[in-house]
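Right, one structure below, let's go through it.
The values are calculated or read from the model by the stated rules, or taken from the named source; none is laboratory data. Since this is a predicted model, take the numbers as computed values, not measurements. Don't worry about glycine lacking a Cβ; one is built from the backbone with ideal geometry, like all the others, and counts go over all protein chains shown.
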Amino acid sequence: MYYKSEFYSPTGSHKVNTALAQAFYAREQGLERLTTETGAGQWGTALAYGCSLMGLKCTVYWVRAVYRWKHERRNLMQMYGAEVFASPSDRTESGKALYSKNPEHPGSLAIAISEGLEAARGDKKVAYGLGSVLNHVLTQQTIIGLETQKQFEMMGDYPDLVISCLGGGSNFGGFAIPFMGDVLTKGKKIKFIAAQTQASPNLQGEYRYDHADHAEITPQLMMYTLGHKTDFPPVKGDGLRYHGCSPILSLLRNKGYIDTVAYPVDEKHVFERARQFLRVEGFLPAPESAYSVACAIDEALKCKASGEEKVIAFNISGHGFLDMVGYSAVLGMSLD
Ligand SMILES: Cc1ncc(COP(=O)(O)O)c(C=O)c1O
C-alpha cells in the first residue's frame, strides 16, 4: 500500500494546489477580491492563503453545519485575512430566502456557491473562485497524480488500484486522471474507486445536465447528480456532501472507468480506519480523507482474505488536526 500525502501542503490539504493558481490569475487580471464557498473549510483556508500571498481580499461563505464546530479553522482563515460568514446568511438574496425561514439552516455547498457567486456579481473588481468540480480546478490538481507517477517510477512499482475520496471531484480527479491517461493511451489496467458518503453518493445519481448551485446561477453541467435542490444530512466529512460530480469524472464514470463505494452516514467505520492509520503513521487524516483511508484498508483486507496480490495507491487529501471535535463526536471521546 502506498499513500500520497497532500497534508504536507501549506494550509494542510490539496486545495492549495488550485488556490494559488486561482489567486495568481485573479491578481494578473487586476481583481481586488475573490469570493468563495467552503464545506470542510479546507478550500476556504487555502483560498484565504492564496489571496493573502497575492494581496487580494477574500470572502468565504461557509456551510453553517461545519462553520458551527470548526472554530479553530475559522480563526485560521481570519488570520490569513479572510472574512468568513456562515451560509445561508442574510447577506445575499439566495441566502436570505433560506435564512429568514430558518436561521439555523445547516446549509450546503450548493447554497454557499450561490451566495459566493451573488456576492461577486456586479463588481468588476470582484470574482468568484470555485474549489472543485470545474475542469480547470481538476487540471490544476493533476499535480497530485503526476507527482505520484514520478514517485512510482522511482520505486519501480505501479498501482493496480487507485483510490480516493470524492465530493465534487477535485482530489479524486487530481490523483486519478494522470493514471487514467495510462489506461486510455498505454493499455495499463487499473481499477479506480471513489470513496463517498451515503449522505450524498452523487456518482450513484442520474447522468444529466444540472446546475452546480442551489439558486441556479451557474450554467448547467453534464454530470452525475442527485439534484441541486436536494437536502442531504450533514456529516463530519462534510466536504463530501455535494449533489454533483465534476463533468470530467462523470463522463469517465459513465464510460465505466470509475467504481464507487459509499459509506454509512454514522461514519463510525470510516473514522475507526482513520484511527488505525493514525496509530501507525502518526498523521490524522481530514474527515474527508478518512474515506480514502477506509476504502484502501478495506480493499487491502479483501486481498488478504483472497490471497490476491495488488498494489494499492490512495491519496490523503488533507490532515485532520483541526477536526478533533468531529472525530470525538463520532468515536465517542470526551472533550472535557
Ligand atoms: C481534505 C478534503 N478532501 C476532499 C474533499 C472533497 O472535495 P473534492 O472532491 O473536491 O476533492 C474536501 C472538500 O472539502 C476536503 O476538504
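Quick notes on this one:
- Of note, Gly116 satisfies the criterion of being more than 20 Å from Ile297 (Cβ to Cβ), surrounded by 21 or more Cβ atoms within 10 Å (Cβ to Cβ) and within 16 Å of the ligand (Cβ to nearest atom).
- Residues satisfying the stated conditions in the range 238-256, i.e. under 14 Å from Ser108 (Cβ atoms) and of a type outside the set (Lys, Arg): Asp238, Gly239, Leu240, Tyr242, His243, Gly244
- Val162 fulfils the conditions (1) within 14 Å of the ligand (Cβ to nearest atom); (2) in a strand (DSSP E or B) except for a single criterion, (1).
- Residue within the range 9-18 that is touching a strand residue (DSSP E or B) at 6+ places or on another chain (Cβ under 6 Å) and outside any loop (DSSP other than H, G, I, E, B) present: yes
- Selection from the range 283-318 of residues that are under 16 Å from Leu240 (Cβ atoms) and either modelled with pLDDT under 95 or outside any helix (DSSP H, G or I) (or both): Pro285, Ala286, Phe314, Asn315, Ile316, Ser317, Gly318
- Some residue of the range 246-260 being surrounded by 22 or more Cβ atoms within 10 Å (Cβ to Cβ), among the aromatic types (Phe, Trp, Tyr) and in the same structural domain as Pro201 (by TED's automatic domain parsing): no
- Within the range 22-49, the residues that satisfy the criterion of being more than 15 Å from the ligand (Cβ to nearest atom) and outside any loop (DSSP other than H, G, I, E, B) are Ala23, Phe24, Tyr25, Ala26, Arg27, Glu28, Arg33, Leu34, Thr35.
- Hey, Ala40 of a type in the set (A, V, I, L, M), under 22 Å from Pro285 (Cα atoms) and modelled with pLDDT of 95 or more or not: yes
- Scope the range 319-336; condition closer than 18 Å to Gln276 by Cβ and assigned to a helix (DSSP H, G or I); matching residues: Met324, Gly326, Tyr327, Ser328, Val330, Leu331
- Check on Ser108, in contact (Cβ under 8 Å) with a residue 60 or more places away in the chain, within 16 Å of the ligand (Cβ to nearest atom) and not assigned by TED's automatic domain parsing to the domain that holds Tyr67: no
- Residue-level check: of (1) in contact with a Lys or Arg (Cβ under 9 Å, 6 or more places away or on another chain); (2) surrounded by 21 or more Cβ atoms within 10 Å (Cβ to Cβ), Glu147 misses just (2).
- Hits in the range 52-87 (condition: over 15 Å from Thr11 (Cα atoms), assigned to a loop (DSSP other than H, G, I, E, B) and under 21 Å from the mean Cα position of the chain (by Cα)): Arg68, Trp69
- Within the range 1-21, considering residues that are more than 9 Å from the ligand (Cβ to nearest atom) and touching a Pro at 6+ places or on another chain (Cβ under 8 Å), the one nearest to Val311 (Cα to Cα): Tyr2
- None of Tyr257, Tyr263, Tyr242 is in contact with a Gly (Cβ under 6 Å, 6 or more places away or on another chain) and under 27 Å from Leu138 (Cα atoms) except Tyr242.
- Residue match in the range 250-261 (condition: farther than 28 Å from Met333 by Cα, within 14 Å of the ligand (Cβ to nearest atom) and in contact with a His (Cβ under 6 Å, 6 or more places away or on another chain)): no
- Meets criteria (free of Cβ contacts under 8 Å to residues at least 24 places away in the same chain, more than 16 Å from the ligand (Cβ to nearest atom) and on the phi > 0 side of the Ramachandran plot) for Gly181: no
- Test: Tyr224 is hydroxyl-bearing (Ser, Thr, Tyr), over 21 Å from Met180 (Cβ atoms) and either crowded, with 20+ Cβ neighbours inside 10 Å or not assigned by TED's automatic domain parsing to the domain that holds Asn171 (or both): no
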